[in-house]
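Just below is one structure, and these are the notes that go with it.
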Amino acid sequence: MTTIESSIREIPYPQQAIYDLLSDLGNIDKVKDRIPQDKVENLSFDHDSISIKTQMGAVKLIIVNREAPKEIKFETAESPLPFNFWIQILPVTEATSKMKLTIKADINPFMASMVKKPLQQGIEKIADALQMIKYQ
């Protein structure tokens, strides 16, 4: 199992506000303008799932568990590389939080050496975008 984690990000919003926005994928509409259009096409989403076409192929993630207000877990329903993805949100103060993103994929060591760097870069870009969102 290959695990890839983002750096821990400080976010100037309360834990519950972050969780409330991210746990309903229908809220993506509010942040679509932050997604690089050259990296993603055919973006569609609803309350529990998101589908995109990336340079590597079609990816569909579905939320499989919500643990309010600290964690949202996703699984791939469609992907060239099956993986689990989750967002952890922890309070720092009443008004600030920290967040970490994690990907776990069951890939062989040879493939892991090829995909680890692009996945690490991708998870950091997702963390960058999530850090810039106005959660209130």
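The values are calculated or read from the model by the stated rules, or taken from the named source; none is laboratory data. These numbers come from a predicted model, not from an experiment. We place every Cβ from the backbone using ideal geometry, glycine too, and count neighbours over all the protein chains shown. Accessible surface areas use protein heavy atoms only, side chains included; no ligands, DNA or RNA. Shrake-Rupley method; radii C 1.70, N 1.55, O 1.52, S 1.80 Å.
Below are the figures for this structure:
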read-out	value
Difference of contour (0.36 nm per residue) and Cα-Cα distance, Asn108 to Glu5	35.3 nm
Gaussian network model of the chain, springs between alpha carbon atoms under 10 Å - residue of Glu75, Glu124, Glu41 with greatest fluctuation	Glu41
Pairs of lysine residues in the chain - Cα separation under 15 Å, sequence separation of 8 or more or cross-chain	17
Average accessible surface area per residue within the chain, 1.4 Å rolling probe, Å²	59 Å²
Linear extension gain, Ile126 paired with Asp46, 0.36 nm per residue minus alpha-carbon span	26.9 nm
Helix axis angle, 109-132 relative to the chain longest principal axis, alpha carbon, degrees	20 degrees
Listed residues Ile28, Gln136, Ser113: farthest to the positive end of the dipole of the chain (Cβ charges)	Ser113
Solvent-accessible area, 1.4 Å probe, carbon plus sulfur percent, for the chain	53 percent
